[in-house]
Amino acid sequence: MAILAVLLFIAVFALAELRDHSSRWMLSAYTVSLAVGGVVLALLPGSTDVLSAVLAVAIGGLEIADHRHELPKIRREGLSAKRLARLSVLAVLAIAATAFLVGRTGGPLCNADSAFQWHAVWHVLAAAAMALYAYGAIEPHPEMVGRSA
């Protein structure tokens, strides 16, 4: 459920941002989606990969739609580091998914005796993608902007 919780958050956050929904709406939608995801996994425990794939495709579509929505602003102001970070998530996740598929149990590059594990690459790249998304999506609280440490 952990990876699904992260993917659900990203999907709900992207949808809320694209549709200009409030934080309250986003948190409510996220709570409901977590509950639904939990029920689906309880009823169909083997559906994690399918749910992850569906969410990944949805996130990609939402990010592309958001990028298109922001295109006039990007043309006017340029591609910010935050926007570039969010766009790069798609590439990092594509590489991570490839590592997952080739290195999972029964995959073409799966070798349990090897010191190098493709599944570990999946985890590292998934974490990197999540960090990039967080950097690109989360704005600092207005009270924290301009404060020195």
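Read-outs throughout are calculated quantities, based only on the coordinates presented, and are distinct from any laboratory measurement. All figures in this text were calculated on a predicted structure; none of them were measured in a lab. With ideal geometry, Cβ positions are generated from the backbone for all residues, glycine too; neighbour counts draw on all protein chains shown.
Compactness of the stretch 1-48 was expressed as the Cα radius of gyration divided by 2.2 N^0.38 Å, which yields 1.19.
Springs between Cα atoms under 10 Å define the GNM used for the chain, and in it the highest mean-square fluctuation of Ala11, Ala65, Ala56 occurs at Ala65. Each of Ala56, Leu84, Met26 was placed along the dipole of the stretch 14-149 (beta-carbon charges, centred on the mean Cα), and the one lying farthest toward the positive end is Leu84.
Answer rounded, prolate or oblate for the stretch 1-138, using the Cα gyration tensor with square roots of eigenvalues a ≥ b ≥ c: rounded when a/c is under 1.5, else prolate when a/b is larger than b/c, else oblate.
Working: a/c = 2.64, a/b = 1.35, b/c = 1.96.
Taking the square roots of the gyration eigenvalues as a ≥ b ≥ c, the stretch 1-138 is oblate.
Comparing Ser33, Ser23, Ser114 in a Gaussian network model of the chain, where Cα atoms under 10 Å apart are tied by springs, the biggest mean-square fluctuation is seen for Ser114. Between Ile138, Ile59, Ile95, the residue with the greatest mean-square fluctuation in the GNM of the chain (Cα pairs under 10 Å linked by springs) is Ile138.
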